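The values are calculated or read from the model by the stated rules, or taken from the named source; none is laboratory data. Small disclaimer: the values here were computed from a predicted structure and weren't measured. Here Cβ is always computed from backbone atoms with ideal geometry, including for glycine, and neighbour counts include all displayed protein chains. Ligands, DNA and RNA are excluded from the accessible area calculation, which covers all protein heavy atoms including side chains. Shrake-Rupley method; radii C 1.70, N 1.55, O 1.52, S 1.80 Å.
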Amino acid sequence: MAQGVFAITEQRDGELRKVSFEAVSEGRRVADGLGADLTAVVLGSGIEGLAEELKKYGPDKILVADDAALADYTTDAYTNVLAELIQSSDPAVIITGASAQGKDLSGRLAARLDAGLAMDCVEIKLDNGNLTYTRPMFGGKIVAKVEIEGSPQIVAIRPNVMDIVENSKEPAIEKPAVQVGDLKTKIIEMKMETGDKPELTEADIIVSGGRGTGGDYAAVEELANELGAAVGASRSAVDEGWRPHSDQVGQTGKTVSPNLYVACGISGAIQHLAGMSTSKYIVAINKDEEAPIFSKADFGIAGDLFEVLPAIIAEVKKLK
Amino acid sequence: MDIVVLVKQVPDTESLVQIADDGVSIKTQDIKWIMNPYDELAVEEALQIKEAQGGTVTILTLGPEKAVETIRTALAMGADQGIHICDPAAEGSDALAAAKLLAAALKDLPYDLIIAGHRAVDEDNYQVAAAVAEFMGIPQISMVNKVVVSDGKITCHRTIEGGTVVVENSLPALFTTQRGLNEPRYASLPGIMKAKKKPVDVKTVADLGVDGGSVGAANRKVKIKAFNLPPERQAVRMIQGEAAADKAAELLKILHEEIKII
Ligand SMILES: Cc1cc2nc3c(=O)[nH]c(=O)nc-3n(C[C@H](O)[C@H](O)[C@H](O)COP(=O)(O)OP(=O)(O)OC[C@H]3O[C@@H](n4cnc5c(N)ncnc54)[C@H](O)[C@@H]3O)c2cc1C
Ligand SMILES: Nc1ncnc2c1ncn2[C@@H]1O[C@H](COP(=O)(O)O)[C@@H](O)[C@H]1O
């Protein structure tokens, strides 16, 4: 009988990504609820050190899959290695992040294992050993509760939603021999943005600007800098060429769940809301007090963003 | 170059989505149906590759009878033919079963390249494309915003958090689209006229040789227990004040002292 919980972590350049800690913490909670063991899995090259870091979140066991071919994520190498580890341990539940990597991987893995997959979940509920997954659908207009039949059950969790909980243990660390198999994908180049700006999907705070900025992002960026926040944008702003596609929040852009989302000069179209409605707190700044964004916000300022933002920036500076 | 594009019909993103009486599906009567926005990018990219290199573009859709409208839209944009998996037994399939059906149809088709959307904006599964690639035993490249196809190879710019990864694969391969890839064309009037004469082949589950007991709403591995509306936020607190500075000070007081978020 399948039992136990796997939490698949994610590293880039030898550094664990935040969603990994969310997956392991959630894995611990689920494993405790099921009275089962939690195994954290980390894949990469020369990554023993990462196991140390994962101990804090309470796995009973850590599997370190270390191979030169696992240094950077590729669908084929990661799926081959994980499918084998999963088949030999036979876990009942597999948790991973619904990040770019996790989405790519979990879909493939589910097909390989003929397993049910609940993608982009915002909550896992435990009820008498039964697991129910909560996932937004239709761009967040519907929140579905789903259950998965058979095993393993694969669940990909929306980044930035679940709590990171420290729970130190002395886990067994194993380094199984891995077979990366026949690899078809060749990585030619990784073009990464430099600098220490947080990534949109991982940021605690996002300051987002829409058409109301008229293309002038100076104040939006300054506020973001002051708050250590990421900058987001509406699709209109992207279509105007004011911001890159990677900044777009919404149904055809990124789905974000920061603690604080500050929407500046954004009307609040349904497709924009689809990407940010699970933010914990939403502040809207719009000169039109009838703008639909206000009906979805927690706090609103009716006013011209070019007056309001500098005033907010001045207040933030006072806190330092 | 023979290209198959996976296209799904979905509710218009503007649609009011209401929960049906059964509590596990949506009311469909008032919905306007459109081509999944990510699949528009897929059709456009297929057409651009065909225009540059020759070949055929086939649209493959699993969906109820009315989904043929979306196939016709793609044909009007310039695709050559459609395949419509249309069978009440397949309705309500989950992502894995949908992928099995699509893969079964693909087995009988010649193709070098399959293009799909990154996600369908109905169930937001982000899964069917990867599963199809797995069932076909070909590589998948997700969230692509730039593609070069030449000499039996495909080079894709795959967007990830904070950057782009350029990867190369040999064909056949499948990739999924991301905004930024292209600007989908509109169907022209002559295109719409021509589309009416283009072939659309209808297939049932049995035609595809798929076991009816593994697809459809009754055989979902991912069982929908309930649909709910998202929790309502409390009514917005509009920050009052004379000047911008007053409002800003009040907002900061809330964010810093009350909810302690900054
Ligand atoms: C299939 C589809 C998918 C889509 N996907 C997305 C998506 O992923 N993300 C997305 O964002 N949109 C998406 N859209 C577009 C969406 O419908 C809206 O058009 C878009 O979100 C509007 O952007 P906006 O709020 O910046 O602009 P507008 O709607 O033009 O709003 C601008 C706002 O700024 C305010 N304003 C103007 N000047 C000032 C000022 N000086 N100070 C303060 N406020 C000011 C105005 O009052 C107004 O409310 C999609 C649309 C479709 C059809
Ligand atoms: N019923 C379907 N018919 C054809 N293609 C589909 C279907 N469902 C999903 N797809 C393809 O798979 C992509 C991802 O869908 P999903 O996994 O449902 O989010 C879509 O953008 C389509 O390209």
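When the Gaussian network model of chain A links Cα atoms closer than 10 Å, the mean-square fluctuations of A:Pro176, A:Pro59, A:Pro258 top out at A:Pro176.
Tell me the net charge near A:Lys287. Cut-off is 13 Å between Cβ atoms, A:Lys287 excluded, with +1 for each Lys or Arg and -1 for each Asp or Glu. If you can, show how the numbers build up before the last one.
Working: positive: A:Arg211, B:Lys247; negative: A:Asp288, A:Glu289, A:Glu290, A:Asp304, A:Glu307.
Net local charge, A:Lys287 excluded: -3.
In this simple spin-label model, placing a label point 7 Å from the Cα along the Cα-to-Cβ direction at both A:Gln179 and B:Asp201 gives a separation of 3.6 nm.
Relative contact order of chain B, taken over Cα pairs closer than 8 Å and 6 or more residues apart, is 23 percent.
Within the listed set B:Asp94, B:Asp80, B:Asp108, the residue fluctuating most in the Gaussian network model of chain B (springs between alpha-carbon atoms under 10 angstrom) is B:Asp108. If R0 is taken as 22 Å, the Cβ-Cβ distance between A:Ser168 and A:Glu15 corresponds to a FRET efficiency of 0.60.
Taking both sides together, what accessible area is buried at the B/A interface, probe 1.4 Å, expressed in Å² and rounded to the nearest 100?
Working: alone 14800 and 15500 Å², together 23210 Å².
Roughly 7100 Å².
The gain in end-to-end length when the B:Asp108 to B:Glu91 segment is fully stretched comes to 3.9 nm, 0.36 nm per residue minus the alpha carbon separation. The candidates B:Met193, B:Met35, arranged from most to least accessible area with a 1.4 Å probe in the full protein assembly, appear as B:Met193, B:Met35.
Between the Cα long axis of helix A:100-113 and the first principal axis of chain A there is an angle of about 40°, rounded to the nearest 10.
Taking the Cα centre of segment B:2-219 as origin, sum charge times position over the Cβ atoms of Lys and Arg (+1) and Asp and Glu (-1), and report the length of that vector in debye to the nearest 20. Write down the numbers at each step before the final one.
On the way: 19 positive and 30 negative charges, 123 e Å.
Computed charge dipole of segment B:2-219: roughly 580 debye.
Averaging Cα coordinates gives a centre for segment A:91-146 and one for segment B:231-262; these two points are 35 Å apart.
Report, as an integer, the average count of C-beta atoms from other chains found within 10 Å of each Cβ along A:108-114. Display every interim value, and only then the final one.
Values: counts 9, 3, 9, 13, 4, 1, 5.
For peptide A:108-114, the averaged partner shielding equals 6.
Positive contributions from Lys and Arg (+1) and negative ones from Asp and Glu (-1), summed over other residues with Cβ under 11 Å from the Cβ of A:Tyr261, come out at 0.
Positive contributions from Lys and Arg (+1) and negative ones from Asp and Glu (-1), summed over other residues with Cβ under 11 Å from the Cβ of A:Lys317, come out at -1.
Using the Cα centre as the reference, give the magnitude of the dipole from point charges on the C-beta atoms of segment A:200-319 (Lys, Arg: +1; Asp, Glu: -1; all else neutral), rounded to the nearest 20 debye.
Details: 9 positive and 16 negative charges, 60 e Å.
Its charge dipole is roughly 280 debye.
Would you jot down the residues in segment A:147-175 that end up with at least 30 Å² less accessible area in the complete protein assembly than in the chain alone, with a 1.4 Å probe? Flagged in segment A:147-175: A:Glu147, A:Glu149.
Dividing the Cα radius of gyration of the protein assembly as shown by its Kirkwood radius returns 0.96 for Rg/Rh.
Each Cα pair under 8 Å and six or more residues apart adds its sequence gap; the mean of these over the residue count of segment A:200-319 is a relative contact order of 25 percent. Between B:Ile160, B:Ile85, B:Ile59, the residue with the greatest mean-square fluctuation in the GNM of chain B (Cα pairs under 10 Å linked by springs) is B:Ile160. Free of any GluC sites (Glu not before Pro) that DSSP assigns to a loop and that have at most 15 other C-beta atoms within 10 Å, the longest stretch within chain A is A:1-148. Across the accessible surface of the protein assembly as shown, with the other protein chains kept in place and a 1.4 Å probe, carbon and sulfur atoms take up 47 percent.
Simple rule: put +1 on each Lys or Arg Cβ and -1 on each Asp or Glu Cβ in the protein assembly as shown, find the dipole, and look at A:Ala71, A:Thr185, B:Ser15; the Cα lying farthest toward the positive end is B:Ser15.
Computed with every protein chain present, the accessible area of A:His245 is close to 80 Å² [probe 1.4 Å].
Can you divide the C-alpha Rg of segment A:43-94 by 2.2 N^0.38 Å and report the result to two decimal places?
Values: Rg = 11.7 Å, N = 52, 2.2 N^0.38 = 9.9 Å.
Ratio of Cα Rg to 2.2 N^0.38 Å: 1.19.
Computed from Cα positions, the angle between helix A:218-227 and the longest principal axis of chain A comes to roughly 50 degrees. Given +1 at the Cβ of Lys and Arg, -1 at the Cβ of Asp and Glu and no other charges, the dipole of the protein assembly as shown around its Cα centre is 800 debye to the nearest 20. Mean per-residue shielding of peptide B:134-143 is 4, counting Cβ atoms of other chains within 10 Å of each Cβ.
Accessible surface computed residue by residue for the protein assembly as shown, with neighbouring protein chains in place and a 1.4 Å probe, gives 40 Å² per residue. Dividing the summed -39500 (n - 2.57) terms of all DSSP H runs of n ≥ 4 by the residue count of chain B sets its mean residue ellipticity at 222 nm at -7500 deg cm²/dmol. For B:Asp22, the accessible area of its heavy atoms, probed at 1.4 Å with every protein chain present, is near 90 square angstrom.
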